[in-house]
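K.L.:
Please read through the structure below; I'll follow up with questions.
The values are calculated or read from the model by the stated rules, or taken from the named source; none is laboratory data. Predicted, not measured: the structure shown is a model, and the values here were computed from it. Glycine gets a Cβ as well: all are built from the backbone with ideal geometry, and neighbour counts include every protein chain shown. Calculation scope for accessible area: heavy atoms of the full protein, side chains included, ligands and nucleic acids excluded. Shrake-Rupley method; radii C 1.70, N 1.55, O 1.52, S 1.80 Å.
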Amino acid sequence: MDRQKLESRLAFLEEAERLKSVLRSGHTSTGRPESTAEHSWRLCLMAMLFQDELGDLDMLKVFKICLVHDLGEALHGDISAIEKDQHPDKSEQERADMAYLTCHLDATAQAGILGLWEEYENASSAEARMVKALDKLETILQHTQGRNPQDFDYGFNLTYGEKYTAIRPFLARLRQILDEKTRARMDERAGDADKAGA
């Protein structure tokens, strides 16, 4: 690989580093806002742990999609799923940001990254639909384990991503467990409110 290509790929990685500073609406178990990069890391870990349920999928493609699925948030940040209706141009903004982030890459690398991102965005392959399902479940898991603000809307979890999490029986079973965890957090919150009002 020539120096120009090496430098262009390093420049892309430098731009992608911004994702480490993009914060999401959920919080870690210590109460710190979660970053989008941390979410993407655990999404990859989740795909690895459940790969025995994904035997017919191209696992390399699954991991690649996990890594790039939220890269479009590196420049303008994350819009939480709760607020997505207030931002109808989210997809177009992220597409433009992806074009900017990859503009210095060689054509092969750029086409690969943009193609994977579009595949995820459009849920146009079995791998992309699986990553979408796992993405929703990882988000719900973080919501149930995080030390979130008092006004956090746990009820949102109960319908979030249902379309994707119903595509395979093991996803539905995971969803059932996470819904139970969500309801437990909601009950905990209700109990805290009762104690505060007493």
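K.L.:
Could you check, for region 94-104, whether at least one of its residues is in contact with a helix residue (DSSP H, G or I) (Cβ under 6 Å, 6 or more places away or on another chain) and either basic (Lys, Arg) or open to solvent by 30 Å² or more (accessible area, probe 1.4 Å) (or both)? Let's see the steps before the verdict.
P.N.:
Here is the first cut: in region 94-104, the ones in contact with a helix residue (DSSP H, G or I) (Cβ under 6 Å, 6 or more places away or on another chain) are 94, 97-98, 101-102, 104.
Of the ones still in play, those that are also either basic (Lys, Arg) or open to solvent by 30 Å² or more (accessible area, probe 1.4 Å) (or both) are 104.
The answer is yes; a qualifying residue exists.
K.L.:
How many residues, within region 143-166, are in contact with a strand residue (DSSP E or B) (Cβ under 8 Å, 6 or more places away or on another chain) and surrounded by fewer than 14 Cβ atoms within 10 Å (Cβ to Cβ)?
P.N.:
Counting residues in region 143-166 that are in contact with a strand residue (DSSP E or B) (Cβ under 8 Å, 6 or more places away or on another chain) and surrounded by fewer than 14 Cβ atoms within 10 Å (Cβ to Cβ) gives 2.
K.L.:
Hey, could you check region 1-44 for residues that are touching a residue at least 60 places away in the same chain (Cβ under 8 Å) and among the aliphatic types (A, V, I, L, M) and say which is least open to solvent (accessible area, probe 1.4 Å)?
P.N.:
LEU43
K.L.:
Look at MET48 and say whether it is surrounded by fewer than 17 Cβ atoms within 10 Å (Cβ to Cβ) and of a type outside the set (Lys, Arg). Talk me through it step by step, then tell me what you get.
P.N.:
Details: surrounded by fewer than 17 Cβ atoms within 10 Å (Cβ to Cβ): yes; of a type outside the set (Lys, Arg): yes.
Here the answer is yes, as MET48 does meet what is asked.
K.L.:
While we're on this one: Consider HIS69 carefully, then state whether it is at pLDDT 95 or above, under 12 Å from the mean Cα position of the chain (by Cα), crowded, with 17+ Cβ neighbours inside 10 Å and under 23 Å from TYR154 (Cβ atoms).
P.N.:
Details: at pLDDT 95 or above: yes; under 12 Å from the mean Cα position of the chain (by Cα): yes; crowded, with 17+ Cβ neighbours inside 10 Å: yes; under 23 Å from TYR154 (Cβ atoms): no.
So HIS69 fails the test.
K.L.:
Tally up the residues in region 117-151 that are of a type in the set (A, V, I, L, M, F, W, C), free of Cβ contacts under 8 Å to residues at least 60 places away in the same chain and out of contact with any Leu (no Cβ under 8 Å at 6 or more places or on another chain), please.
P.N.:
Residues that pass the stated criteria total 1.
K.L.:
Among the residues of region 55-78, count how many are among the basic types (Lys, Arg) and in a loop (DSSP other than H, G, I, E, B). Explain how you work it out, then say what you get.
P.N.:
Of the residues in region 55-78, the ones among the basic types (Lys, Arg) are 61, 64.
Among the residues that remain, those that are also in a loop (DSSP other than H, G, I, E, B) are: none.
Of the residues in region 55-78, 0 are among the basic types (Lys, Arg) and in a loop (DSSP other than H, G, I, E, B).
K.L.:
Is at least one residue of region 175-189 among the hydrophobic types (A, V, I, L, M, F, W, C), surrounded by 18 or more Cβ atoms within 10 Å (Cβ to Cβ) and assigned to a helix (DSSP H, G or I)? Give the derivation first.
P.N.:
Of region 175-189, the ones among the hydrophobic types (A, V, I, L, M, F, W, C) are 177-178, 184, 186.
This time we only want the ones that are surrounded by 18 or more Cβ atoms within 10 Å (Cβ to Cβ), so: 178.
Checking which are assigned to a helix (DSSP H, G or I) leaves us with 178.
There is at least one residue in region 175-189 that is among the hydrophobic types (A, V, I, L, M, F, W, C), surrounded by 18 or more Cβ atoms within 10 Å (Cβ to Cβ) and assigned to a helix (DSSP H, G or I).
K.L.:
Find the helices (runs of 4 or more DSSP H) located wholly in region 79-164 whose residues include 3 or more that are of a type outside the set (Asp, Glu) and within 15 Å of the chain's Cα centre (by Cα), and list them.
P.N.:
Numbers: elements: 90-102, 107-122, 126-145.
Here the list reads 107-122, 126-145.
K.L.:
Please verify whether ASP52 is of a type outside the set (A, V, I, L, M, F, W, C) and not in a helix (DSSP H, G or I), treating the condition exactly as stated. Walk me through it before giving the result.
P.N.:
Values: of a type outside the set (A, V, I, L, M, F, W, C): yes; not in a helix (DSSP H, G or I): no.
Here the answer is no, as ASP52 does not meet what is asked.
K.L.:
Also, quick follow-up: Given the structure, is GLU17 over 25 Å from SER124 (Cβ atoms), acidic (Asp, Glu) and either in contact with a His (Cβ under 6 Å, 6 or more places away or on another chain) or at pLDDT 95 or above (or both)? If you could, list the steps in order and put the result at the bottom.
P.N.:
Numbers: over 25 Å from SER124 (Cβ atoms): yes; acidic (Asp, Glu): yes; either in contact with a His (Cβ under 6 Å, 6 or more places away or on another chain) or at pLDDT 95 or above (or both): yes.
In short, yes.
K.L.:
Scan region 45-96 for residues that are of a type in the set (Gly, Ala, Ser) and either without any contact (Cβ under 8 Å) to a residue 12 or more places away in the chain or within 22 Å of GLU162 (Cα to Cα) (or both) and jot them down.
P.N.:
Taking region 45-96 first, the residues of a type in the set (Gly, Ala, Ser) are 47, 55, 72, 74, 77, 80-81, 91, 96.
Scanning region 45-96 gives ALA47, GLY55, SER80, ALA81, SER91, ALA96.
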